[in-house]
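Q: First, the structure itself, so that you have it in front of you.
Throughout, read-outs are computed from the coordinates displayed, never taken from laboratory work. On a predicted model such as this, the values are computed, not experimentally measured, just so you know. Using ideal geometry, Cβ is built from the backbone for each residue, glycine included, and neighbour counts are taken over all protein chains shown.
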Amino acid sequence: MSDTLIRVGTTYIPVSNVEYSADWYVNTLSAELSYQDADKAIINLANQSFFLVKAGENQSSNFFDYKGEKWFSVTFEVDGLHALQELHRKLLEKEVRVEEIENRGHAGRNFVLYDPDGNAFDVWSELSPTFNR
C-alpha cells in the first residue's frame, strides 16, 4: 500500500441543467455517460470521472486570482500542436465558446474552452510523461 496520492479520481462541475449538460459533454467532448439522475450525471472523460452536479444560480468552477483574472480548475491535454489545432477547429465548428490558441511562455500551446454554464477548461498541447509513450 502506498501512502501517497496516486491519481485524481473525480472532479465535480456545477451545472444548471444536468440533462442538457450531460448531453453537451457527450456530444461535444465525446464523454461517456455512466450514470444520470435529476441531481447529477457521471461522465468519463480524459481518463477521469466527472460529476455534473445541479447547482444553484451563477455557480461555476472558475475562480479569480489576486489580480482579478479568471482561471479554470482543470487542464486537459492533447498529443501535440496539430491535435490542439484540430480540436480547436472542431469545437469552433460546433459553435463552442473557445478562446484563441496562445503561447503562454512555456512548452506547448493552450486554449480555453467553456461549457454551456461558463465553466472554463484549459487545453494544453503537451501530454504528461505518464501518457507520453
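Q: Can you spot the aspartates and glutamates whose alpha carbon is less than 15 Å from residue 40's alpha carbon? Ignore those fewer than 8 places along the same chain.
A: Of all the aspartates and glutamates, those that pass the test against residue 40 - Cα under 15 Å, at least 8 places apart if same chain - are 19, 23, 32, 117.
Q: Note the full-extension length gain between residue 94 and residue 71 as 0.36 nm times their separation in residues minus their Cα-Cα distance, in nm to one decimal. Walk me through the intermediate numbers first.
A: Working: separation 23, 0.36 × 23 = 8.28 nm, distance 2.33 nm.
Length gained, residue 94 through residue 71: 5.9 nm.
Q: Relative contact order for the chain: what is it in percent, counting Cα pairs under 8 Å that are at least 6 residues apart? Working shown, then result.
A: Values: 234 pairs, mean separation 27.9, N = 133.
Relative contact order, the chain: 21 percent.
Q: Mind sorting out which of [x] 9.5; [y] 10.3; [z] 7.6 is the real mean projected area of the Cα convex hull in nm² computed from the coordinates?
A: Given [x] 9.5; [y] 10.3; [z] 7.6, the structure-derived one carries the label [y].
Q: For the pair residue 106 and residue 16, how long in nm is the line joining their label points, each one 7 Å along Cα→Cβ?
A: 3.2 nm
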